[in-house]
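Heads up: the structure comes next, in structure tokens.
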Amino acid sequence: MKRLAGKVIIVTGASRGIGAATAAACARSSATVVLAARDGARAAAVAQSIGEAASARACDVTDYAAVEKLVEETRARFGRLDALINNAGVIEPIAPIASGDPASWARSIEINLIGAYHAIRAVLPGMIAAGGGTIVNVSSGAAVRPLEAWSAYCSGKAGLHMLTRAVALETAGQGIRVFGFSPGPTDTDMQEPVRASGINPVSRIPREDLTPVAHPAAAIVYLCTPDADDLIGQEFSLKDEPFRARLGLY
């Protein structure tokens with residue numbers, strides 16, 4: 001299907017998991033995709049597996065200058081930028097507040113929240129000038145529900161939830177399509193340290209009960225199409241039955 005024909009999309013955290021699956025799904029829908037990740041070599045391998053529609057860039061989202069350069073180079077090469085999939089994130093540290101490492105806690109916020117802000121800040125002026133664009137912030141149920149030993153992750157995603165709402169408020173009427181999307185526990189590498197920790201109910205979800213990575217990827221592609229215009233500014237979950245029905249996931 002050519003639902004995204006002519007669109008240019010940046011996907012952060014695209015070297016694995018939901019990011020890699022989303023980049024591939026966007027390319028199958030005829031978009032041009034730029035895969036960004038700290039591990040540039042791994043992102044390049046994923047891009048190569050996708051084909052000519054994909055390219056990769058090494059980019060640490062905690063470095064605003066690097067993110068800004070990524071956006072500038074994308075626009076210079078392709079002449080446009082239609083969507084940002086803000087997917088880069090980490091689950092660590094998994095530790096109680098009373099005994100966790102402060103530096104690791106701060107690093108989590110830097111990646112999951114500040115990194116997402118950096119990407120939005122870098123793309124937003126150009127999108128507004130161009131008359132519109134799409135931003136999908138990959139969130140989590142942890143944004144609104146505290147989980148034991150996940151204080152950093154929960155706090156970062158809670159901040160991202162508010163950032164989505166702030167973007168919607170500030171860009172109303174300017175063509176910006178912003179969404180917060182929670183994929184739920186998904187079968188990716190991120191689940192390995194979660195299972196190893198044995199802490200909180202998420203760590204005890206059997207692997208066969210985790211969401212296949214193709215499902216959130218399909219949802220994100222959908223959000224990049226006009227079919228999702230009535231959802232602009234909202235944050236919702238792949239567990240929401242009406243949304244699953246739109247995707248044909250019953």
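What to note about this one:
- The residues of the stretch 16-128 expose, per residue, 45 Å² of accessible area to a 1.4 Å probe.
- Close amide-amide hydrogen proximity is noted between Ile176 and Gly133, each under 5 Å apart and 5 or more residues distant or on a separate chain (H modeled in the peptide plane; Pro and chain starts excluded).
- For the stretch 1-70, trypsin sites (Lys or Arg not before Pro) are listed when DSSP marks them as loop and at most 11 other Cβ atoms sit within 10 Å of their Cβ; the list is Lys2.
- The chain, helix-only ellipticity at 222 nm - DSSP H runs n ≥ 4, -39,500 (n - 2.57), divided by all residues, nearest 500: -13000 deg cm²/dmol
- For the pair Asn200 and Ile109, label points projected 7 Å from Cα toward Cβ lie 1.7 nm apart.
- The stretch 1-104 - Debye-derived log10 I(q)/I(0), Cα point model, q = 0.18 Å⁻¹: -0.78
- Each 10 Å bin from zero up to the one holding the largest Cα-Cα distance in the stretch 93-205 carries the following percent of pairs: 13, 41, 28, 14, 4.
- Expected-Rg normalisation [2.2 N^0.38 Å, Cα atoms] applied to the stretch 148-250: 1.20
- Accessible surface of the stretch 18-107, 1.4 Å probe: 51 percent of it comes from carbon and sulfur atoms.
- Within the stretch 64-164, the GluC sites (Glu not before Pro) that combine a DSSP coil assignment with at most 16 other C-beta atoms in a 10 angstrom radius are Glu148.
- Span-like helix ranges in the chain, DSSP H, alpha carbon extent 20 angstrom or more, Kyte mean at least 0.5: 115-130
- Charged side chains reduced to their Cβ positions (Lys and Arg at +1, Asp and Glu at -1) give the chain a dipole of some 420 debye around its Cα centre.
- Kirkwood Rh in Å, taken over all unlike Cα pairs in the chain: 18.0
- Potential lengthening between Arg165 and Ser99 on full extension [0.36 nm per residue; Cα-Cα distance subtracted]: 20.5 nm
- Close amide-amide hydrogen proximity is noted between Ile205 and no other residue 5 or more places distant or on a separate chain, at a cut-off under 5 Å (H modeled in the peptide plane; Pro and chain starts excluded).
- P(r) tail fraction, the stretch 41-95 - alpha-carbon pairs more than 19 Å apart, %: 40
- Surface composition of the stretch 128-250: carbon plus sulfur atoms contribute 55% of the solvent-accessible area (1.4 Å probe, protein chains only, all chains present).
- Here Lys157 is the anchor, and the aspartates and glutamates within straight C-alpha reach of less than 16 Å, apart from those fewer than 8 places off in the same chain, are Glu92, Glu110, Glu148, Glu235.
- In the stretch 64-121, the ratio of gyration radius to Kirkwood radius, Rg to Rh, stands at 1.15 when only Cα atoms are counted.
The values are calculated or read from the model by the stated rules, or taken from the named source; none is laboratory data. Since we're looking at a predicted model, the values are computed, not measured. Note that we place each Cβ from the backbone using ideal geometry, even for glycine, and neighbour counts take in every protein chain shown. Accessible surface is based on the protein model in full, side chains and every heavy atom, while ligands, DNA and RNA are left aside. Shrake-Rupley method; radii C 1.70, N 1.55, O 1.52, S 1.80 Å.
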